[in-house]
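Encoded as structure tokens, the structure appears first; notes follow it.
The values are calculated or read from the model by the stated rules, or taken from the named source; none is laboratory data. It should be emphasised that the depicted structure is a prediction, and the values quoted were computed from it without experimental measurement. FYI the Cβ positions are ideal-geometry reconstructions off the backbone, even for glycines, and counts take in every protein chain you see. These area figures cover heavy atoms from the full protein model, side chains too; ligands, DNA and RNA do not enter into them. Shrake-Rupley method; radii C 1.70, N 1.55, O 1.52, S 1.80 Å.
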Amino acid sequence: MVSAAQEPYGIQALVQKAVRAKQLSRQEHLKLTTAMLSDPKMASADRFHINRLLDYVRAGKIRLTDE
């Protein structure tokens, strides 16, 4: 399985893209959630960015899309 950190763009770039666009695809959401849950040694900065993005989704500031 390929983690989000191993993608051509990293976790922070994906989070920044989602925050700018105010939307996140369900596939990207799954990648980020899976990366965070499956990697206990993930950098704390990456974990912070994912948690911030998920907080925005819960607060309705970022929409989940079916792209």
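Take S44 and K22, extend 7 Å from each Cα along the Cα→Cβ direction, and tell me the distance between the two endpoints in nm.
It works out to 3.3 nm between the two label points.
DSSP loop trypsin sites (Lys or Arg not before Pro) in region 6-67 with at most 12 other Cβ atoms within 10 Å of their Cβ, which ones?
When the trypsin sites (Lys or Arg not before Pro) of region 6-67 are filtered for loop state and at most 12 Cβ neighbours within 10 Å, K22, K41, K61 remain.
Note down the net charge around V15, summing +1 for each Lys or Arg and -1 for each Asp or Glu among other residues with Cβ under 12 Å from its Cβ. Don't skip to the answer; put the middle values down first.
Details: positive: K17, R20, K31, R47, R52; negative: E28, D46, D55.
Its environment carries a net charge of +2.
Rounded to the nearest whole Å², what accessible area per residue is found for the chain with the 1.4 Å probe? Spell out each step's value before the answer.
Numbers: 4550 Å² over 67 residues.
I get 68 Å² per residue for the chain.
For log10 I(q)/I(0) by the Debye sum over Cα atoms at q = 0.15, 0.20 Å⁻¹, which listed value, [x] -0.65, -0.89; [y] -0.45, -0.78; [z] -0.40, -0.73, comes from the coordinates shown?
Answer label, from the structure shown: [z].
Pop out the carbon and sulfur fraction of the accessible area of the chain as a percent, whole number, probe 1.4 Å.
Carbon plus sulfur share of accessible area: 53 percent.
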